[in-house]
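S.K.: First the structure, then my questions, so here it is.
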Amino acid sequence: MYQVFLITFCLVVSPVTFADIDFKTLRDWYLQAPKNWPKPELSEGVEHRELGLLPSVVHPQSNPFSTDKAKLGRRLFLDPMLSRSGQIACASCHDRDLGWADGRTVSFGHDRQAGKRNAPSIENAAFWHTLFWDGRANSLEQQALMPIQDPLEMNFTLPEMVARLNGDPDYVSAFKQVFDATPINAEQVAKALATYQRTIVSRRSDFDYFLLAKTQTNPRMKKAYSEKLSDQALWGLHLFRTKARCMNCHNGPLLSDNGFHNIGLTYYKREYEDLGRYLVTGKASDVGKFKTPSLRGIMNSKPWMHNGLLADMEGVMAIYNAGGFHFSGDPEDPLAPVISPLLQPLSLNQKEQQALVAFMEALTPYPNAGIVR
């Protein structure tokens, strides 16, 4: 029965509508262990990393967790003392009530200067291999000090920041308690901020509860968890893994491959030009590539894309449905952007796109306040 349904559901020539779908069979499929789910539609060479629950956060040996360190990091995160003007904090661009982003196309920094990119959410930053849209930081400790020194952001220097903190007796005492050393130095600031950011892990979403349904022994709880995904969101999950080809980049528990791809939003030689990963590596093949964002909590962090130019999910769906934006440039130009071959026209109808958006909603819990209070 399952094999027949898969053929009918995925390979029919005529457009599939909501009314055509056997939702009981589909739900029975996805309530099984993920190893028994329908095979995802992946391009050749793409590793099958199945969707799932987030693992526990692992703190590096060089910066082990302590509650006092995380609390100190939270205090620093909220404190505008880390900026030259004394008016901009890390939380200015990463607000927990806005999905740990700021809701703006691009952020404002020192002297109300507009930044060049959209502030990415820092929720689940503990699981990133690299930080920033272009991956220029390799750890949260490295990342933490970069906005402080950026002239468009907090516009400070590390010596000036350290001197300011050392002039505050409360901070001197707090750092002494955590690090058992004086005076305060920049490395300690980075470690405290990174420790706090690793506590910012998303709450369980409806999708997570659905995944947990099979682990419930209480029949009532099992039923409640199994119904956490609406039929529309369930269809969206199936489309996400099959016809919509989303798992080529958005895979694993984080719903990101931690990689970099060009979807055609480079704006090469035009307003909004951003060469992306190329600015870090200098490789022509990296022109226009940006980090694959996690889709956990995605509906909390609009507008979307590295430039924040898309404020509605319908626009996002339209881009991927078309197979990205294709650039027609000079074939002799070594920096002419090349769109990722993973993107293909999808021919998703409106109902299918709406189902995918329903799945995005199911991946989005209320904004998380972090575990450290």
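S.K.: Under a crude label model (7 Å from the Cα following the beta-carbon direction), how far is residue 67 from residue 284 in nanometres?
M.R.: 5.7 nm
S.K.: Taking +1 at the Cβ of each Lys and Arg and -1 at the Cβ of each Asp and Glu, which of 250, 240, 219 sits farthest along the dipole of the stretch 186-259 towards its positive end, judged by Cα position relative to the Cα centre?
M.R.: It is 219.
S.K.: Using a Gaussian network model of the chain whose springs link C-alpha atoms within less than 10 Å, name the residue from 180, 286, 208 with the highest mean-square fluctuation.
M.R.: Highest fluctuation among the options: 180.
S.K.: Can you give me the convex hull volume of the Cα atoms of the stretch 45-108, divided per residue and expressed in Å³?
M.R.: Once divided by residue count, the hull of the stretch 45-108 is 207 Å³.
S.K.: Contour minus end-to-end for residue 204 and residue 326, with contour as 0.36 nm per residue of separation and end-to-end as the Cα-Cα distance?
M.R.: 40.3 nm
S.K.: Explain nothing, just the number: dipole magnitude of the chain about its Cα centre with +1 on each Lys and Arg Cβ and -1 on each Asp and Glu Cβ, in debye rounded to the nearest 20.
M.R.: 1040 debye
S.K.: If you don't mind, another one. Students often check this: by mean Cβ neighbours within 10 Å, which of 29-36, 87-94, 332-339, 293-300 ranks highest, and how do the rest follow?
M.R.: 293-300, 87-94, 332-339, 29-36
S.K.: Dividing the alpha-carbon Rg of the stretch 67-197 by 2.2 N^0.38 Å yields what?
M.R.: For the stretch 67-197, the normalised Cα radius of gyration is 1.00.
S.K.: What FRET efficiency do you get for residue 299 and residue 350 if R0 is 22 Å and r is their Cβ-Cβ distance, rounded to the nearest 0.05?
M.R.: 0.70
S.K.: Using all C-alpha to C-alpha distances in the chain, build P(r) with 10 Å bins and read off the rounded percent in each one.
M.R.: 5, 22, 30, 23, 14, 6, 1, 0
S.K.: Please state the relative contact order of the chain as a whole percent: Cα pairs under 8 Å, 6+ residues apart?
M.R.: 22 percent
S.K.: Can you give the three extents of the C-alpha atoms in the stretch 278-373 along their principal axes, from longest to shortest, in whole Å?
M.R.: 52, 40, 20
S.K.: A further question on this structure: Largest first and to the nearest Å, give the Cα extent of the stretch 131-173 along each principal axis.
M.R.: 37, 21, 12
S.K.: Taking N as the number of residues in the stretch 207-278, what is its Cα Rg relative to 2.2 N^0.38 Å?
M.R.: 1.65
S.K.: Of the cross-linked pairs 24/351; 116/291; 69/116; 35/214; 35/302; 243/351, which ones have a Cα-Cα span greater than 21 Å in the structure shown?
M.R.: Too far apart for the 21 Å limit: 69/116; 35/302.
S.K.: Need the list of aspartates and glutamates near residue 289 for cross-linking: C-alpha distance under 18 angstrom, and skip anything on the same chain fewer than eight residues off.
M.R.: The qualifying aspartates and glutamates are 134, 257, 271, 273, 274, 333.
S.K.: Could you calculate the FRET efficiency of residue 230 with residue 44 from 1/(1 + (r/R0)^6), where r is the beta carbon distance between them and R0 is 30 Å, rounded to 0.05?
M.R.: About 0.35, to the nearest 0.05.
S.K.: Run the dipole for the stretch 67-197 about the Cα centre, Lys and Arg Cβ at +1, Asp and Glu Cβ at -1, nothing else charged, and hand back the magnitude in debye, nearest 20.
M.R.: 100 debye
S.K.: Can you find, among 81, 23, 324, the residue farthest towards the positive end of the dipole of the chain? Put +1 on the C-beta of Lys and Arg, -1 on that of Asp and Glu.
M.R.: Of the options given, the answer is 23.
S.K.: Toward the positive end of the charge dipole of the chain, about the Cα centre and with charges on Cβ (Lys, Arg +1; Asp, Glu -1), which of 266, 72, 103 goes farthest?
M.R.: Working it through, the farthest residue towards the positive pole turns out to be 72.
S.K.: Based on the Cβ-Cβ distance of residue 220 and residue 24, what FRET efficiency does E = 1/(1 + (r/R0)^6) give at R0 = 22 Å, to the nearest 0.05?
M.R.: 0.65
S.K.: Here is a further query. Can you tell me which of 349, 262, 124 moves the most in a GNM of the chain? Springs connect C-alpha atoms under 10 Å apart.
M.R.: Of the options given, 349 has the highest mean-square fluctuation.
FYI, it's all coordinate maths here, none of it is from the lab. Given the structure is predicted, the values throughout are model-derived calculations rather than measurements. Cβ atoms come from the backbone with ideal geometry, glycine included; neighbour counts cover every protein chain shown.
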